[in-house]
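The values are calculated or read from the model by the stated rules, or taken from the named source; none is laboratory data. Values in this document were obtained by computation on a predicted structure and should not be read as measured data. Positions of Cβ are backbone-derived with ideal geometry, glycine not excepted, and every protein chain shown enters the neighbour counts. Each accessible area value is taken on the protein alone, full model and side chains, heavy atoms only, with ligands, DNA and RNA left out. Shrake-Rupley method; radii C 1.70, N 1.55, O 1.52, S 1.80 Å.
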Amino acid sequence: MTDLKNWQLPPKDLFAMGPIVPVLVIENVEDALPIAEALLAADVRVLEVTLRTPSALEVIETIAKALPEAVVGAGTVTNRELLKRSSDAGAKFAISPGLTKDLLKAGNEGDIALIPGISSISELMDGIDYGYDHFKFFPAEASGGVKAIQSIGGPFPNIKFCPTGGININNVNNYLALKNVACCGGSWLVSDKIVKEKDWTQITKLATDAIAHVQDIVTAK
């Protein structure tokens with residue numbers, strides 16, 4: 001397959017920006033900046049805003065314009081159209097829960113990095129055929145978790161993963177200890193309860209604690 005990628009931010013650099021990527025489901029645009037600022041205060045720069053709400057693209061645009069130091073991307077990007085709309089909104093990357101050949105092709109032709117999602121070897125091989133070497137492993141815990149990703153590292157030692165799904169403060173280090181895991185996605189940093197209560201300082205605390213929690217594992221790698 002022809003590799004046409006001309007991405008502004010390569011996946012390798014994106015994965016190296018921080019060990020934990022908060023997965024954000026933001027219903028109200030007015031919550032976007034307080035949430036992003038609270039995460040930036042903990043030195044968490046990479047933010048995945050999932051396209052699960054009607055306001056998601058506006059949330060991405062709001063953060064991208066007001067906080068250029070944040071590396072905001074779109075999650076739950078499932079087709080070519082959503083990839084284009086995410087890029088137009090100012091997303092610096094896109095993450096998909098799965099992959100299709102048309103989405104992989106669109107990712108190669110687009111200007112922002114696409115991180116396809118896989119949960120099987122066959123899906124991984126499709127992604128590799130299109131020139132991809134950085135993937136989301138989803139849903140991580142339900143798809144075999146640490147043992148599954150570790151096993152994949154045997155025949156595919158050059159592939160890097162950002163596992164997401166069922167990951168929390170209690171098991172994140174088990175994933176980050178793997179050689180083929182560069183970062184982990186998680187929603188526990190910004191829960192629905194915290195957002196409803198607008199407890200932005202709690203987000204900063206949880207993010208700060210999480211970074212401190214994984215520091216030894218990350219340094220050892």
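State whether one or more residues within the stretch 121-137 are under 28 Å from Ile35 (Cβ atoms) and in contact with a Ser or Thr (Cβ under 9 Å, 6 or more places away or on another chain).
Yes, the stretch 121-137 contains a residue that is under 28 Å from Ile35 (Cβ atoms) and in contact with a Ser or Thr (Cβ under 9 Å, 6 or more places away or on another chain).
Please go through the stretch 170-202 and pick out each residue that is touching a residue at least 40 places away in the same chain (Cβ under 8 Å), closer than 27 Å to Ala220 by Cβ and assigned to a helix (DSSP H, G or I).
Scanning the stretch 170-202 gives Val172, Asn173, Leu176.
Which residues, taken from the stretch 4-29, are open to solvent by 20 Å² or more (accessible area, probe 1.4 Å), touching a residue at least 60 places away in the same chain (Cβ under 8 Å) and in contact with an Asp or Glu (Cβ under 7 Å, 6 or more places away or on another chain)?
Within the stretch 4-29, Leu4, Asn6, Trp7, Gln8 qualify.
So Arg85 fits all but one of (1) touching a Gly at 6+ places or on another chain (Cβ under 8 Å); (2) assigned to a helix (DSSP H, G or I); what number is the exception?
All conditions are met except number (1).
Give me the residue from the stretch 30-79 that is surrounded by fewer than 19 Cβ atoms within 10 Å (Cβ to Cβ) and aliphatic (A, V, I, L, M) and, out of that set, nearest to Lys196 (Cα to Cα).
Applying the filter and picking the extreme gives Leu33.
Give Ala94, Ala106, Ala142, Ala148 a once-over and let me know the one that is touching a Lys or Arg at 6+ places or on another chain (Cβ under 6 Å), aliphatic (A, V, I, L, M) and either modelled with pLDDT of 95 or more or assigned to a strand (DSSP E or B) (or both).
From the options Ala94, Ala106, Ala142, Ala148, the qualifying one is Ala106.
Return the residues of the stretch 109-130 that are within 19 Å of the chain's Cα centre (by Cα) and part of a loop (DSSP other than H, G, I, E, B); say none if nothing qualifies.
Within the stretch 109-130, Gly110, Asp111, Ile112, Pro116, Ser119, Ser120 qualify.
Consider Phe156 carefully, then state whether it is among the aromatic types (Phe, Trp, Tyr) and either farther than 21 Å from Pro11 by Cα or in a loop (DSSP other than H, G, I, E, B) (or both).
On the way: among the aromatic types (Phe, Trp, Tyr): yes; either farther than 21 Å from Pro11 by Cα or in a loop (DSSP other than H, G, I, E, B) (or both): yes.
Yes: the conditions hold for Phe156.
Within the stretch 106-122, which residues are open to solvent by less than 60 Å² (accessible area, probe 1.4 Å) and not polar (S, T, N, Q)?
Ala106, Gly107, Gly110, Ile112, Ala113, Leu114, Ile115, Pro116, Gly117, Ile118, listed by residue number.
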